[in-house]
Amino acid sequence: MIGTADDVTGAAEGAEVPSDEIPEGVPGTSRFVSANGVRLHVVEAGPEDGKLLVLLHGFPEFWYGWHETIAALANAGYRVVVPDQRGYNLSEKPPAVADYRIGELARDVVGLIDAYGRETAAVAGHDWGAAVGWWLAIHHADRLSELVAVNVPHPTVFERALRNSWRQRRKSWYVLAFQLPRLPEAVARAGNWRIGVRTLRETSEPGTFGEDDFRRYRRAWDRDGAFEAMVNWYRAIVRERPTPETPRVGVPTLVVWGADDPFLEKRLAGESLEHCADGRLLTIDDATHWVIHEDPHRVARAVADHADPLPPGARE
């Protein structure tokens, strides 16, 4: 029983939950949960007494980024909780850039774990969600049982790559573009979010995203203040330039990597394991940065096996 969650009739910032927010065939219930002083929309599924598994999305997605993995993970016995992270979709959108510092984002997840009455949770994150997951594993290791990081490297590895690799700098050019005031939001909104749709389509395997996916993303991006808040994640990380207290990750960690990622060098996945006391790498050769969409069943199996006390592959 969640002591700080509200029914779906509630809403962050006065937002209403669309009747089709959760697609047919995806198990789950929409809720709002207070965590770390913000009101987060979450989709939850699976047995209430199951092991808590928090799935964190990245940019420019929302909870829906994980929608194809939820049924498999819920059926595997996990209590699956998939938030819209702060600033995204139906969750609260604090106004200041400083509200999106990585420490605050990590404390949101700690607040979710508290709200579900648990001491620990397994966390799987993709893109920015993986960045939050790494920060949690370093700074809140006592609250994580396992970490799965999908297509974002350890923060020390990423910082080193940005400092020393022109190739990675070129791949990350958009981070600097997002530092401009107001212009990124205006450009993104042009042509009914043409650039965002084109980027998802052109950087993924053919057919990965369909028209219903794009309809959902446009609706999420178009919410009042949402895209500015999403970009503020990038503004905050550049302004703060945070350094982890230690590069060492003691939490059992699985790095899942779509090998054809156009935004990140493949070598960063293996280098991330150098900072993990207990780390493994799963490389998916025929996938891109959007591997949770391109091969969701394989990702779900990997998450289930890693977070489960049974040996990998032993779960029926």
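The values are calculated or read from the model by the stated rules, or taken from the named source; none is laboratory data. Predicted, not measured: the structure shown is a model, and the values here were computed from it. With ideal geometry, Cβ positions are generated from the backbone for all residues, glycine too; neighbour counts draw on all protein chains shown. Quick note on the areas: whole protein, heavy atoms, side chains included, nothing else; ligands and nucleic acids left out. Shrake-Rupley method; radii C 1.70, N 1.55, O 1.52, S 1.80 Å.
Numerical summary
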quantity: Centre separation in Å (Cα based) which lies between the stretch 133-158 and the stretch 256-277; calculated: 13
quantity: Phi-based couplings in Hz for the stretch 112-117 (Karplus 6.51, -1.76, 1.60; Gly and Pro marked x); calculated: 5, 4, 4, 4, 8, x
quantity: Relative contact order, percent, the chain [alpha-carbon distance under 8 Å, six or more residues apart]; calculated: 19
quantity: Per-residue SASA entry for T156, accessible area with 1.4 Å probe, Å² rounded to 10; calculated: 40
quantity: P(r), alpha carbons of the stretch 29-307 - 5 Å bins starting at zero, rounded %; calculated: 1, 6, 13, 19, 21, 19, 14, 6, 1, 0
quantity: Inter-centroid distance (Cα atoms) of the stretch 166-207 relative to the stretch 45-121, Å; calculated: 24
quantity: About the Cα centre, charge dipole magnitude for the stretch 29-307 (Lys/Arg +1, Asp/Glu -1 at Cβ), debye; calculated: 900
quantity: Convex hull volume of the stretch 28-161 per residue (C-alpha atoms, cubic angstrom); calculated: 101
quantity: Sequence-distant aspartates and glutamates (8 or more away, or on other chains) whose Cα lies within less than 16 Å of K266; calculated: D127, E159, E274, D285, D286
quantity: Fluctuation leader among R39, R267, R143 - the chain, Gaussian network, Cα springs under 10 angstrom; calculated: R267
quantity: Contact order normalised by residue count of the stretch 218-316, Cα under 8 Å, 6+ apart, percent; calculated: 23
quantity: Accessible area (Å², per residue) of the stretch 29-307, counting only protein heavy atoms and a probe of 1.4 Å; calculated: 38
quantity: Gaussian network model of the chain, Cα within-10 Å springs - most flexible of I22, I113, I70; calculated: I22
quantity: Surface share of carbon and sulfur [accessible, 1.4 angstrom probe, percent] for the stretch 168-316; calculated: 51
quantity: Relative contact order (percent, whole number), the stretch 33-160, Cα cutoff 8 Å, 6+ residue spacing; calculated: 28
